[in-house]
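Working notes for the structure below.
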Amino acid sequence: MRRTNGITGTRKRLSAIAIAITFLFFCLFARLVALQLFSGGMLTERAAEQWYRDLPLSAPRGRIYASGGELLAGNDKAYDVYVRPSAVTEKERAASELSAVLGYSRSVISEKLSERKSEVTIARRVSPETADRIESAALRGVYCVASYKRSYPYGGMLSKVLGFTNVDGDGQNGIEGYYDRYLTGTDGYVYSSADMAGRETDGKTRYVPAIAGCDLTLTIDDDIQSFAESAVMAAQAEWQAKSCSAIVMDVNTGGIAALASYPSYDLNDVPRNDIDLLNLLSKNSLITDVYEPGSTFKIITTAAALEYGTVSDSSRFYCGGSMTVDGQRIRCWRSAGHGSQDLAEGVKNSCNCVFMSLALSLGTEKFYDMISSFGFGEKTGVDFFGESGGIVMNESSVKTVDLARIGFGQAIAVTPLQLITAVSAAVNGGTLYKPYFLAEVRSAEGETIYRREPIEAGHPISEKTSARLRELLTGVVKDGGGTKAQVPGIEVGGKTGTAQKYENGVVASGKYVSSFIGFAPASDPKYAVLFIVDEPSGYTYYGSLTAAPYAGMIFSRIADSEGWERAEEEEKTYAEIPDVVGADMAEATAMLEDAGFVVETVGEGKAIGTTPAAGTLTAVGDVVLLRGEDSS
C-alpha cells in the first residue's frame, strides 16, 4: 500500500512539472508571437540604430516664381556639419581644425566631440567653400552633408508677401508659411553600417534620395511689382511718412499683381535678433490692419444709391459747408460749402453733404445689404495668414448720424485689401472676386498638380450701375480731386481719400491716412491701384496731393510695359497761381477756381498761401492746396 502511494505521488509531481514546463513554453511562444506581431517593427528599428548610422540628405525647398516665370525665392547650396563622436579618431586635431574653419570656440567643439550621442550637429548651412576646407582636412568621423539655404534674388522686394523661413527651412510667415505644406520636400538619408560602439565598418552604404518640394507660381507680376516698389519708395522719400503702400489687382480675376510697402527689409538678411523690429517690418498691414477709408468709400455709397435707384443724374444736392443729423453738425471738408450740385459734381467735389444725403436716402437696411454684398465686415478669404475682417457697426445699433458718417467713409473700418477688392467689383461690371496670390503648383518634375481659377464671391451691382460709376469716377480724375493721377493718353478713373487717424478712441491731431484708389483703362478696366500714404509729414496731407500722383505713376508704367494704346493728348493750358494771401478762404477759393484750378483747403480764416506758390505757372485743372491761418 505504501508502494502504491509513493508511485502515485511521483506521478503527480511529474504531471505538475510537465504542466509547468508546458505553460512556460506556451508563455514563451505567446511572447514570441507578440514580439513578431506587435513589436517586430520597433525591435527592427532598434537593431538598425545599433548596426547602422544615417545622415540626412536635405530636400530642396520648392521655388517660388512670379507670373512671368521670374524666380522670387530659390535655394543656394549649403552644407550641414555633423560628427559621430565615437568615430572621431583624432579629437584634438578635429577640434583645432573645426574651430579654425568655423570660427567657433575650440572648447565648444571639444565638448561636442565628447558627447555620448551617435551624431552631433556642429554647424548648419555653411558655405560650399567652408565645407571644402573641412573635407580637405580629412577628419575621420566628421561629415559635411549637402543642404540648402533659402535665397531671395530681389532682396527686399515682396518681403511682406513672400515671408521667410527659419534655419531649418520651415516657412514662418507670408507665402513661405501659408504654403509650407507644398514647399517642404521629403528628406533622404545615407545609411552606413557600424559596430556596437557606433564606429563605422566597411559594410555597404545605402542611399535614400530626397524628394524636392513643389514649386509655386504667384499672381504677382514682376514688372508691376517693381513699378509699385519704386513708387512707394519715392513717396516715402517725398513725404517722410510713417509708411507708404500700394496694391495692384487684376479687376477681372481678383489676382494680386503687386503688393509693396515701405519701410521694408532684406529677406536675405532677416533681423532675427530684434523680434519687435522683425514683427513690425514683416507684418502685412494691407491685409491684417484696418483703417477708416474716408472718401474712397464714397465709391461704395454711390454704387449703392445707383443700384437701388435712390439717386439719378437729375438729382440735386445743396452743401452749405455742413449738415445737421440727429442734432449733430457734420462738416463738409470745404467749410465754405459747395452750393447746389448734381450727382456728377458732388462726386467730383467729394462733397460730404452729398454722400450723407445718399446714405440717408438708402436707409440702414439697404445700405447695409450693399456693404455686406461688397464683402465688408468679413474676411475676403485671401490665401494669407492674419487677415482681418474689418469693423462694421452692428446694424441694430446704427443711428441716423452713424449712417450719415458711413456714407462718406467714417464710422466704418476696412482693410486695404477689402477696399480694392470691393472697388474692383464696382468697376469691372459688378462681379466680386475672391483675391488670391497662388496661381499654380507644380511638382519637382514640372507636372502641374494645381491651377487656381478665379472664384466669384458675389454680384453686388449690375453692369449698368458699374458702367455709370466708371463714368463718374473718370470725371474725378479728369476734372476733380484726382487730376494728379492722370496718365497722358490713358483714361483713368478713381477717388481720393483723406481720413483722420484715431489713437485711444479719439482723433489723433495732425495724423492722417492719405490715399487714392483708381482703375485703368477707365472704359474697360484691367487693373485697380490703391496707394496709401500713412501719416505724411507737414500740412500737405490730402490724398489728391500725396497719393494720386504715385498711383498715376504706376498706371503710366504699366501702360508702357503692356503696350496700351495711348490716345493723342490734348495740349495743356497753363496759368499762374493767383496771389490770394489775405483774402477770406471762401474768396480765395473762388479766385483759384475762376483761374481753372481744383482747390483743396486746409485751415480757416484768412488765406496765408498756396501750394504751388503764387505766380507759379501751373496746368489748368491741376490741384492747388489753399492754406488758412490755422493750418501752419
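The values are calculated or read from the model by the stated rules, or taken from the named source; none is laboratory data. Predicted, not measured: the structure shown is a model, and the values here were computed from it. Reconstructed Cβ throughout: ideal geometry from the backbone, glycine too, with neighbour counts over all protein chains shown. The protein model used for the area step is the full one, side chains on, heavy atoms only, and it has no ligands, DNA or RNA in it. Shrake-Rupley method; radii C 1.70, N 1.55, O 1.52, S 1.80 Å.
In the set (1) over 28 Å from the mean Cα position of the chain (by Cα); (2) part of a loop (DSSP other than H, G, I, E, B), the condition left unmet by Gly409 is number (1).
Restricted to the range 55-77, and to residues there that are touching a Ser or Thr at 6+ places or on another chain (Cβ under 7 Å) and of a type outside the set (Asp, Glu), the residue that is most open to solvent (accessible area, probe 1.4 Å) is Ser67. Pairing residues of the range 382-408 that are under 14 Å from Met356 (Cβ atoms) with residues that are assigned to a loop (DSSP other than H, G, I, E, B), at Cβ distances under 7 Å and at least 6 apart in sequence or on separate chains, gives Lys399/Asp326; Thr400/Asp326; Val401/Asp326; Asp402/Met393; Asp402/Ala411; Arg405/Ala411. Looking at the range 78-86, is at least one residue in a strand (DSSP E or B), touching a residue at least 60 places away in the same chain (Cβ under 8 Å) and open to solvent by 60 Å² or more (accessible area, probe 1.4 Å)? No: the range 78-86 contains no residue that is in a strand (DSSP E or B), touching a residue at least 60 places away in the same chain (Cβ under 8 Å) and open to solvent by 60 Å² or more (accessible area, probe 1.4 Å). Only one entry in Ala258, Ala241 is on the phi < 0 side of the Ramachandran plot and under 18 Å from the mean Cα position of the chain (by Cα), namely Ala258. Identify all residues within the range 411-467 that are closer than 23 Å to Cys351 by Cα and surrounded by fewer than 19 Cβ atoms within 10 Å (Cβ to Cβ); write none if there are none. Those that are closer than 23 Å to Cys351 by Cα and surrounded by fewer than 19 Cβ atoms within 10 Å (Cβ to Cβ): Ala411, Ala467.
Considering each residue of the range 336-359 in turn, at least one proves to be closer than 24 Å to Ala467 by Cβ, without any contact (Cβ under 8 Å) to a residue 12 or more places away in the chain and open to solvent by 10 Å² or more (accessible area, probe 1.4 Å). Looking only at the range 489-507, residues that are open to solvent by less than 10 Å² (accessible area, probe 1.4 Å) and either within 15 Å of Gly429 (Cα to Cα) or part of a strand (DSSP E or B) (or both) come to 5 in all.
Let's see how each residue does on (1) farther than 15 Å from Ala411 by Cα; (2) open to solvent by 30 Å² or more (accessible area, probe 1.4 Å); (3) part of a helix (DSSP H, G or I):
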residue	(1), (2), (3)
Thr296	no, no, yes
Ile299	yes, no, yes
Ala303	yes, no, yes
Thr310	yes, yes, no
Ser314	yes, yes, no
Tyr318	yes, yes, no
Met323	yes, yes, no
Arg329	yes, yes, no
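Can you spot a residue in the range 547-569 that is within 24 Å of the chain's Cα centre (by Cα), among the small types (Gly, Ala, Ser) and part of a loop (DSSP other than H, G, I, E, B)? Yes, the range 547-569 has at least one match. When residues of the range 365-402 are filtered for being outside any loop (DSSP other than H, G, I, E, B) and surrounded by 18 or more Cβ atoms within 10 Å (Cβ to Cβ), how many remain? The number of residues fulfilling the criteria is 7.
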